[in-house]
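*Asks:* Before we start, here is the structure in question, set down as structure tokens.
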Amino acid sequence: MAITQEDVLKALSYVEEPDLGQDLVTLNMIEDVQINGKAVSFTVVLTTPACPLKELIHNACVRAIHTMVDKDADVEIKMTSRVTTMRQNRDILPGVRNIIAIASGKGGVGKSTVTANLAIALAKTGAKVGLVDADISGPSMPLMFGVEDARPHVFRTPDGRNQIQPIEAHGVKIMSIGFLAPAESAIVWRGPMASSALKQFITEVDWGELDYLLLDMPPGTSDIHLTMVQTVPVTGSVIVTTPQKVALADAEKGLQMFRLPQINVPVLGIVENMAWFTPAELPDHKYFIFGQGGGTSLAEKHQVPLLGQIPLVQSIRENGDQGTPAILETGTPAAAVFGQLAEELARQVSIRNAIAPKTNIVEMNS
């Protein structure tokens, strides 16, 4: 009996997307079904190019066709992706699908290092990624990306508006106050000036089409954070901490800020940085010099995912100082852990977009 498109779609309706809990047909993830005799081909549209379950879904589709349609079918599957979004009617950043705030309760926990490596890791999967260095008084992204001397240029759009062209490095579009001020100069601005600069970076930069725009937030909770949520609806936030109690106490404050009823930004998960120390000459050893399990406990307490644990490795620091983040050294343990972190973050964004209501711009009375 000849294979039909209906046979193929019926079989694939029994293949579930593990994270979203629905079948691929219901989720409109199956496209371009082609049948030629016993040759069956179709496209699976994943929710992110960083999907860690790609092979699992591929194998489940092949198994469904062989089990329910024809055991001798020659199955060819093209795996592609279309990053999901909850941002509708996007007046600001119309081409940006997801905006993610990377925050910490205190300084010194390596938040910017994590953000830089995470941005590049997402870009390496094929995603379109942008990064706003929102730490106005302590910008570090120009140094970490090796573009300290770069200067963005301003151009006029057809409708007469001035737009800033972001700097691009390692596949990531970047905007930072560090591009606009000498590296050795201190930026001493009151809150309204810093907030105005952040708003410009969001609204007056030509970001184009992006799957993920990461915002590297300053430590703590401040005017900058309020400006961000009052300017754009944020898809979700990530909290970076280290294992020791003093960092965890401040990280908890940062997490609770996003959960305030008037802000209400979903917390996508916790990243525990400097989780343990591994010396280069003893790669199998772990020394918990800042304590152990703090990030795990924080995630469990607030019922959010632990996105990843980043070891304290000398090369991560060295690569950041040299403008070549650790993720660029393929095959190393550091690159592997940042790659896994990117996959897990992309996964949590997809889950959030599937099950949680959209985030609205925050309106607060001054």
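*Asks:* One residue is enough: does region 283-301 have a residue meeting the conditions at positive phi, over 25 Å from the mean Cα position of the chain (by Cα) and modelled with pLDDT under 90?
*Replies:* Yes; the residues of region 283-301 include at least one that is at positive phi, over 25 Å from the mean Cα position of the chain (by Cα) and modelled with pLDDT under 90.
*Asks:* Filter region 160-182 for residues that are open to solvent by 40 Å² or more (accessible area, probe 1.4 Å) and in contact with a Gly (Cβ under 9 Å, 6 or more places away or on another chain) and give the result.
*Replies:* If the condition is that a residue be open to solvent by 40 Å² or more (accessible area, probe 1.4 Å) and in contact with a Gly (Cβ under 9 Å, 6 or more places away or on another chain), then His170, Lys173 are the ones that fit.
*Asks:* Within region 102-134, which residues are outside any helix (DSSP H, G or I), open to solvent by less than 20 Å² (accessible area, probe 1.4 Å) and of a type outside the set (Gly, Ala, Ser)?
*Replies:* Ile102, Val109, Val129, Leu131, Val132, Asp133
*Asks:* Do you know which residues across region 43-90 are free of Cβ contacts under 8 Å to residues at least 24 places away in the same chain and either closer than 28 Å to Met1 by Cβ or surrounded by 15 or more Cβ atoms within 10 Å (Cβ to Cβ) (or both)?
*Replies:* Once the filter is applied, which keeps residues that are free of Cβ contacts under 8 Å to residues at least 24 places away in the same chain and either closer than 28 Å to Met1 by Cβ or surrounded by 15 or more Cβ atoms within 10 Å (Cβ to Cβ) (or both), region 43-90 yields His58, Asn59, Val62, Arg63, His66, Lys71.
*Asks:* Give region 275-300 a look and list any residue that's in contact with a strand residue (DSSP E or B) (Cβ under 6 Å, 6 or more places away or on another chain), assigned to a loop (DSSP other than H, G, I, E, B) and polar (S, T, N, Q), or say none.
*Replies:* Thr278
*Asks:* Inspect all residues belonging to region 220-238 and state whether any of them is at pLDDT 95 or above and closer than 23 Å to Ala169 by Cβ.
*Replies:* yes
*Asks:* Val40 versus (1) more than 30 Å from His170 (Cα to Cα); (2) assigned to a helix (DSSP H, G or I); (3) open to solvent by less than 10 Å² (accessible area, probe 1.4 Å): which is the lone unmet condition?
*Replies:* The single condition Val40 does not satisfy is (2).
*Asks:* Also: Can you find, within region 299-321, the residue that is most open to solvent (accessible area, probe 1.4 Å) among those that are small (Gly, Ala, Ser) and over 17 Å from Leu268 (Cα atoms)?
*Replies:* If we take residues in region 299-321 being small (Gly, Ala, Ser) and over 17 Å from Leu268 (Cα atoms), then Ser315 is most open to solvent (accessible area, probe 1.4 Å).
*Asks:* Shifting gears a bit: Which is touching a residue at least 24 places away in the same chain (Cβ under 8 Å), open to solvent by 30 Å² or more (accessible area, probe 1.4 Å), more than 18 Å from Gly171 (Cβ to Cβ) and of a type in the set (Val, Ile, Thr), of Thr296, Thr324, Thr332?
*Replies:* Checking each option against the conditions leaves just Thr296.
*Asks:* Any residue at all in region 2-10 that is in contact (Cβ under 8 Å) with a residue 12 or more places away in the chain, among the β-branched types (Val, Ile, Thr), surrounded by 18 or more Cβ atoms within 10 Å (Cβ to Cβ) and touching a Cys at 6+ places or on another chain (Cβ under 8 Å)?
*Replies:* No, there is no match, as no residue in region 2-10 is in contact (Cβ under 8 Å) with a residue 12 or more places away in the chain, among the β-branched types (Val, Ile, Thr), surrounded by 18 or more Cβ atoms within 10 Å (Cβ to Cβ) and touching a Cys at 6+ places or on another chain (Cβ under 8 Å).
*Asks:* Which residue is nearest to Gln348 (Cα to Cα), if the candidates are limited to region 260-293 and must be in contact (Cβ under 8 Å) with a residue 60 or more places away in the chain, open to solvent by less than 20 Å² (accessible area, probe 1.4 Å) and of a type outside the set (A, V, I, L, M, F, W, C)?
*Replies:* Gly269
The values are calculated or read from the model by the stated rules, or taken from the named source; none is laboratory data. Predicted model, so just to flag it, every value in this text is computed and none were measured. Neighbour counts are summed over all protein chains in view; Cβ atoms, including those assigned to glycine, are modelled from backbone coordinates with ideal geometry. Protein only, heavy atoms only, side chains kept; ligands, DNA and RNA dropped before computing areas. Shrake-Rupley method; radii C 1.70, N 1.55, O 1.52, S 1.80 Å.
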